[in-house]
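Before any comments, here is the structure.
The values are calculated or read from the model by the stated rules, or taken from the named source; none is laboratory data. No experiment lies behind these values; they were computed from the predicted model shown. Cβ sites come from the backbone with ideal geometry, for glycine too, and all protein chains shown count toward neighbours. These accessible areas exclude ligands, DNA and RNA; they are computed on the full protein's heavy atoms, side chains included. Shrake-Rupley method; radii C 1.70, N 1.55, O 1.52, S 1.80 Å.
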Amino acid sequence: MRGRSALPAGTAFLPTGTAFLLAAVVAAGTAACARADTDPPPAPAGLTAQAGSAGSVHVMWEPADERDGVTGYQVLQGGVPVRDLPGERHMTDITGLVPQTRYAFTVRARDAAGNLSPAAVTAEVTTPPARAGDRRPPTAPARAAGRPDGPRTVLLSWSAATDDTGVTAYDVYQGGVRIHTAAATETGTRLTGMRPDTAYAFTVRARDGADNSSPDGPPVEITTPPGDDGEPPTVPGDFTATASPGAVELGWIPPDTGQEVRAYELYVDGRPTTVIQFAPGAVPDGRAAHRLTVAEPPGTVWRLKIRARLPDGTWGSFSAERRVELVR
C-alpha cells in the first residue's frame with residue numbers, strides 16, 4: 001500500500017504552487033537584502049601628503065563621519081594600492097621612496113559591505129634631496145602654544161627650528177604618538193577629530209631630510225569645550241574631599257564614557273600628585289571613593305581636583321576644585 005512517508009508531528013503541507021510562490025518570495029527577499037548595501041561611502045576629505053624625509057611621505061586625511069559606516073581605507077600611490085588601513089586610522093607613512101621625485105597619493109574609504117568610495121582629491125608631493133652622512137638632528141622648536149577652536153578642533157603654533165641641512169617637516173605628537181606632520185614652511189596647524197570636554201597634551205618635533213628628529217618642544221596643554229551634540233561630559237561629577245585624622249576622603253561620580261574608567265589623576269594645589277588606579281573588574285558601580293593618607297601637619301590647606309583617563313588614553317576635564325584643611 002502506497003502512502004506518504006512518515007513526517008515529524010506538526011509538519012504542514014502546502015500546495016505545490018503555493019510552496020513555489022513562497023520560495024520565490026523568500027529568494028527575492030534574500031536577494032533584496034543582499035543588494036541592500038551597494039552605496040559606497042563618500043570620498044575622504046582633507047587629504048594631504050607631506051614629505052618627512054628624502055625617502056618618506058606622510059599621508060593623512062580627515063576621519064570619516066560615524067554615520068558613513070567606514071571600516072577601512074585604501075591608500076593609493078600613482079593609482080596603485082599600497083596600504084590597507086583599519087577605519088580608526090587616518091594617516092600613514094609611505095617609505096622607500098626616491099629622493100627628489102614627485103609622487104601622487106589618494107585614498108578611498110571602504111564600508112563593511114566592501115563598497116569603495118570614490119578617490120579623494122589627489123595630493124602631490126616632491127621628496128627633498130638626500131643628505132648622506134647627516135646624523136645631526138634639528139633644534140627643538142623653542143616655543144609652542146595652542147587653543148581650542150570648538151569642541152573637536154584645536155589650533156597649534158610653534159617657533160621655527162634650525163638644522164644644518166634644513167628642516168623638512170614638523171611632527172605633532174600626542175601622548176608620545178605622532179598624529180600629524182606639517183610642512184617645513186609651516187609654524188602652525190589645525191587638528192580635527194578631537195573629543196569634546198577633553199584635556200590634550202601636544203609636543204612638536206622638527207625633522208630633517210635624513211629623518212633625524214629633534215627633541216620635543218615645550219608641551220602644550222589644551223582642553224576642548226563641551227560639545228552640543230549630546231555626547232556625555234568627561235568631567236567627574238559631584239567631587240568631594242573631606243578631611244579625617246591622617247587622611248582625606250575623596251568621592252566622585254565617574255564620567256559616562258560607555259566603558260570602565262579605571263584611572264584618575266589627582267592634582268593638589270595645581271600640580272599632579274598621584275594617579276588613583278582601580279583594578280580590572282574592581283571599578284565601583286555608582287559613586288567611587290578613595291582614601292588618601294597624609295603626613296602633612298594639621299592646619300595644612302590643600303586644593304584638590306581630579307580628572308579621568310578616558311578609554312582612548314586621553315584625559316577628561318577636571319572636576320570642581322575642593323579646598324580642605326587637614327586635621328589630627
(message) Below 9 angstrom from the Cβ of Ala206, what's the summed charge of the other residues (Lys, Arg +1; Asp, Glu -1)?
(response) -1
(request) Quick one: order Ser213, Ser244 from most to least accessible surface, probe 1.4 Å. (result) Ser213, Ser244
(message) In the chain, if the dipole is taken from +1 on Lys/Arg beta carbons and -1 on Asp/Glu beta carbons about the Cα centre, which of Thr181, Gln277, Pro138 is farthest to the positive end?
(response) Gln277
(request) Would you calculate, for the chain, the mean residue ellipticity at 222 nm contributed by helices, counting each DSSP H stretch of 4 or more residues as -39,500 (n - 2.57) and dividing by all residues, to the nearest 500? (result) -2000 deg cm²/dmol
(message) Need one number for segment 128-284: average projected area of the convex hull over its C-alpha atoms, nm².
(response) 12.8 nm²
(message) At 1.4 Å probe radius, can you tell me the per residue accessible area of the chain in Å²?
(response) 54 Å²
(message) Can you tell me which of Tyr173, Tyr267, Tyr200 moves the most in a GNM of the chain? Springs connect C-alpha atoms under 10 Å apart.
(response) Tyr267
(request) Using a Gaussian network model of the chain whose springs link C-alpha atoms within less than 10 Å, name the residue from Pro63, Pro254, Pro86 with the highest mean-square fluctuation. (result) Pro86
(request) Evaluate the charge dipole of the chain about its Cα centre and quote only its size in Debye, nearest 20, assuming +1 on the Cβ of each Lys and Arg and -1 on the Cβ of each Asp and Glu. (result) 560 debye
(request) Mind checking the full-extension length gain between Glu231 and Thr185? Use 0.36 nm per residue of separation minus the Cα-Cα distance, one decimal, nm. (result) 12.9 nm
(request) Between Thr126 and Asp39, take the C-beta separation as r, use R0 = 35 Å, and let me know the FRET efficiency to the nearest 0.05. (result) 0.45
(message) Considering just Cα atoms, how many Å³ per residue does the convex hull of segment 253-328 enclose?
(response) 104 Å³
(message) Going by amide H atoms built from the backbone, whose H comes under 5 Å of the H on Gly227, apart from near neighbours?
(response) Asp197
(message) Once ligands and nucleic acids are excluded and a 1.4 Å probe is used, how much of Arg152 is accessible, expressed in Å² to the nearest 10?
(response) 90 Å²
(message) Please compute the alpha carbon radius of gyration of the chain, then divide it by the globular-protein estimate 2.2 N^0.38 Å. Two decimals is fine.
(response) 1.43
(request) Rank Arg67, Arg309, Arg262 by mean-square fluctuation in a GNM of the chain with C-alpha springs under 10 angstrom and give only the top-ranked residue. (result) Arg67
(message) What is the sum of charges, Lys and Arg at +1 and Asp and Glu at -1, for the other residues whose Cβ falls under 12 Å from the Cβ of Pro298?
(response) -1
(message) I need to check one value: relative contact order of segment 93-251, counting alpha carbon pairs closer than 8 Å and at least 6 residues apart, in percent.
(response) 21 percent
(message) With a 1.4 Å probe and all protein chains left in place, how much of the accessible area of the chain comes from carbon and sulfur atoms, in whole percent?
(response) 53 percent
(request) Obtain the radius of gyration and the Kirkwood radius of segment 171-226 from its C-alpha atoms and give Rg over Rh. (result) 1.00
(request) Please list the non-local residues whose amide H lies under 5 Å from the amide H of Thr168, H modeled 1.01 Å from N, same-chain partners needing a gap of 5 or more. (result) Arg207, Asp208, Gly209
